[in-house]
Amino acid sequence: MYRDLKEVYWWNSMTKSIAEFVVKCLNCQQVKVEHQRPGGMAQNIEILEWKWEMINMDFITGLPQSRRQHDSIWVIVDRMTKSAHFLPVKTTHSAEDYAKLYVQEVVRLHGVPVSIISARGAQFWKSF
C-alpha cells in the first residue's frame, strides 16, 4: 500500500500511518502479500481433446474402517469433464493391488489415459 500511495501522496510519518491503518483493517490483513504464496512460473495449459485421456489421482486417508476394512478413498478425476471415480481402498494395498483395481474399475470403462498426474503417494513406491 505504501508503494502505491508514495507515487501520488506524501506526509510526515507516512509509513507509520499506513502501517497502523493496515494492522487495523481486516481486509488488508487477509490480502497482504506476506500471506500469499509466490505465483511461480506460468505454465502452458494443454488443450484437452477427449474425455478420460488425462486424469489426476489422489488419496483421502485417515478415515475410519468400513465393514470391509477399507480406510481410504482413491479419487481418480478426469481433467476434461471433472467426473470422478471414488474407490474404497485399504492403506495396506500394494501397487499391484491398485493396478488391478484401476484396470477393473477405470480402464474397463474409459480406456488407458495418455497422462496421469498424482501426488506420488507412498502407495506407488516399492522399497528396494
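The values are calculated or read from the model by the stated rules, or taken from the named source; none is laboratory data. Please read all numbers here as calculations on a predicted model, not as lab measurements. No Cβ is skipped: glycine too gets one built from the backbone with ideal geometry, and neighbour counts run over all protein chains shown.
What to note about this one:
- Meets criteria (in a loop (DSSP other than H, G, I, E, B) and either of a type in the set (Lys, Arg) or at pLDDT 85 or above (or both)) for Val8: yes
- The set of residues in region 100-123 that are β-branched (Val, Ile, Thr), loosely packed, with under 14 Cβ neighbours inside 10 Å and either closer than 13 Å to Met57 by Cβ or modelled with pLDDT of 90 or more (or both) comprises Val103, Val107, Val112, Ile116, Ile117.
- Residue among Lys51, Lys126, Lys82 that alone is farther than 30 Å from Met1 by Cα, part of a loop (DSSP other than H, G, I, E, B) and either modelled with pLDDT under 90 or among the small types (Gly, Ala, Ser) (or both): Lys126
- Contacts under 7 angstrom Cβ, first residue in region 1-15 being closer than 17 Å to Asn27 by Cα, partner of a type in the set (A, V, I, L, M, F, W, C) and assigned to a helix (DSSP H, G or I), 6 or more apart: Met1/Ile18; Met1/Val22; Tyr2/Ile18
- Scanning region 85-99 for residues that are assigned to a loop (DSSP other than H, G, I, E, B) and surrounded by 13 or more Cβ atoms within 10 Å (Cβ to Cβ) yields Lys90, Thr91, His93.
- Of all residues making up region 47-72, the number that are surrounded by 15 or more Cβ atoms within 10 Å (Cβ to Cβ) and of a type in the set (Val, Ile, Thr): 1
- Pairs with Cβ under 9 Å, 6+ apart, first in region 35-63 and farther than 22 Å from Tyr102 by Cα and not assigned by TED's automatic domain parsing to the domain that holds Pro88, second at pLDDT 85 or above and part of a strand (DSSP E or B): Glu46/Met54; Glu46/Ser115
- Inter-residue pairs, beta-carbon under 9 Å, first at positive phi and in region 68-84, second among the hydroxyl-bearing types (Ser, Thr, Tyr) and at pLDDT below 90, 6+ apart: Gln69/Thr92
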